[in-house]
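S.K.: Take a look at this one; I'll ask things after.
The values are calculated or read from the model by the stated rules, or taken from the named source; none is laboratory data. Predicted model only: the values in this text are computed from it and were never measured. Please note: Cβ atoms are built from the backbone with ideal geometry, for glycine as well, and neighbour counts cover all protein chains shown.
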């Protein structure tokens, strides 16, 4: 009961740093690059570039992850409703080209992206894409309410009966966490897309949970869109920190419909989507 009260109290704060026990998050900076409704974001495999799905501009924006300054953009001439991005073992980028009902594939060279192929079939409105270490490509179809897994261009696994599924992120064990957004839950899936665990209910109080990232110790950091919050969930499945007042706003520890999450080391990047910006935090977990 003490921890529930403490978390609620933290949610009411709008200061530059919030903490709970030994978990804390401190605002560092925000981008000033012109974007419209940015969604998920992903560091390049070498960590030198931050790729952002710039939904409203139908493109991918590439930022310097330290300064949040613009490096280059691509896709505006052929993408539509760009939502997510991930990378395969060769460094190729897979982009959820949502309104074109496909995942577009690019070869990246220096400051240029060359379109080299696509994945289509048995999904509509893809908003999540995951390149799994097992070699499969997992795609969440928001309009088809399903997840499919591709191997060598063919679908080998499928899970239906979802509601606006969004992000897919691999856990340290190889299982996959899925944000089943309109069901207000996180679902743990096996690589063959069998449901193993579900996080939902009053303890989490999700409202349109969207994109997430998973730490090496199984900590989950998730964007809880309509609560205007970021929630950190420890390996036991308990909420250890909430960032955001619960009301839409703009400023340190204030968000408006946040979507994207990326973590590396002690740095957390968030797409503060309703405020058309990327924000950067330092975290201790």
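S.K.: Only one of 162, 168 is at pLDDT 95 or above, crowded, with 20+ Cβ neighbours inside 10 Å and not in a strand (DSSP E or B). Can you tell me which? Steps first, please.
M.R.: Working: 168 fails: not in a strand (DSSP E or B).
Every option except 162 fails the conditions.
S.K.: Something else about it: Return the residues of segment 71-111 that are buried (at least 17 other Cβ atoms within 10 Å of the Cβ) and more than 24 Å from residue 147 (Cα to Cα); say none if nothing qualifies.
M.R.: 73, 74, 75, 108
S.K.: When both residues are 6+ apart or on different chains and their Cβ atoms are under 8 Å apart, which pairs have a first residue that lies in segment 118-138 and is without any contact (Cβ under 8 Å) to a residue 24 or more places away in the chain, and a second that is crowded, with 22+ Cβ neighbours inside 10 Å and part of a loop (DSSP other than H, G, I, E, B)?
M.R.: 124/142
S.K.: Can residue 225 be described as surrounded by 23 or more Cβ atoms within 10 Å (Cβ to Cβ), in contact with a strand residue (DSSP E or B) (Cβ under 8 Å, 6 or more places away or on another chain) and over 21 Å from residue 171 (Cβ atoms)?
M.R.: yes
S.K.: Consider residue 68 against the criteria (1) more than 22 Å from residue 133 (Cβ to Cβ); (2) in contact with a strand residue (DSSP E or B) (Cβ under 7 Å, 6 or more places away or on another chain); (3) without any contact (Cβ under 8 Å) to a residue 40 or more places away in the chain; (4) crowded, with 17+ Cβ neighbours inside 10 Å: it satisfies all of them except one. Which criterion is unmet?
M.R.: The one condition residue 68 does not meet is (3).
S.K.: Quick one: which strands (runs of 3 or more DSSP E) lie wholly within segment 107-155 and hold at least 2 residues that are farther than 18 Å from residue 212 by Cα?
M.R.: Values: elements: 112-119, 126-131, 137-141, 146-151.
Counting at least 2 such residues, we get 112-119, 146-151.
S.K.: Within segment 112-130, is there a residue that is under 14 Å from the mean Cα position of the chain (by Cα) and surrounded by fewer than 23 Cβ atoms within 10 Å (Cβ to Cβ)?
M.R.: Yes: one or more hits.
S.K.: Name the single residue that is farthest from residue 245 (Cα to Cα) among those in segment 2-44 being modelled with pLDDT of 95 or more and loosely packed, with under 15 Cβ neighbours inside 10 Å.
M.R.: 34
S.K.: Hey, among 34, 80, 53, which residue is under 25 Å from residue 142 (Cα atoms) and in a loop (DSSP other than H, G, I, E, B)?
M.R.: Working: 34 fails: under 25 Å from residue 142 (Cα atoms); 53 fails: in a loop (DSSP other than H, G, I, E, B).
Sole residue among the options that is under 25 Å from residue 142 (Cα atoms) and in a loop (DSSP other than H, G, I, E, B): 80.
S.K.: Please enumerate the residues belonging to segment 232-257 that are touching a helix residue (DSSP H, G or I) at 6+ places or on another chain (Cβ under 6 Å) and under 14 Å from residue 279 (Cβ atoms).
M.R.: 250, 256, 257, listed by residue number.
S.K.: Could you list, in sequence order, all residues of segment 204-214 that are out of contact with any helix residue (DSSP H, G or I) (no Cβ under 8 Å at 6 or more places or on another chain) and assigned to a loop (DSSP other than H, G, I, E, B)? Outline the logic, then answer.
M.R.: Just the residues of segment 204-214 that are out of contact with any helix residue (DSSP H, G or I) (no Cβ under 8 Å at 6 or more places or on another chain), to begin with: 204, 211-214.
Passing the criteria: only 204.
S.K.: Restrict the check to segment 178-196 and report whether at least one residue is modelled with pLDDT of 95 or more, assigned to a loop (DSSP other than H, G, I, E, B) and crowded, with 23+ Cβ neighbours inside 10 Å. Before you say what the answer is, go through the steps one by one.
M.R.: So in segment 178-196, the residues modelled with pLDDT of 95 or more come out as 178-196.
Remaining after also requiring assigned to a loop (DSSP other than H, G, I, E, B): 184, 190-194.
Next, only the ones that are crowded, with 23+ Cβ neighbours inside 10 Å stay: none.
No; the residues of segment 178-196 include none that is modelled with pLDDT of 95 or more, assigned to a loop (DSSP other than H, G, I, E, B) and crowded, with 23+ Cβ neighbours inside 10 Å.
S.K.: Looking at segment 145-202, which of its residues are free of Cβ contacts under 8 Å to residues at least 12 places away in the same chain and under 16 Å from residue 125 (Cα atoms)?
M.R.: Within segment 145-202, no residue meets the criteria.
S.K.: Sticking with this structure for a sec: Run down 272, 266, 276 and say which single residue is within 25 Å of residue 48 (Cα to Cα) and without any contact (Cβ under 8 Å) to a residue 24 or more places away in the chain.
M.R.: Exactly one of 272, 266, 276 is within 25 Å of residue 48 (Cα to Cα) and without any contact (Cβ under 8 Å) to a residue 24 or more places away in the chain, namely 266.
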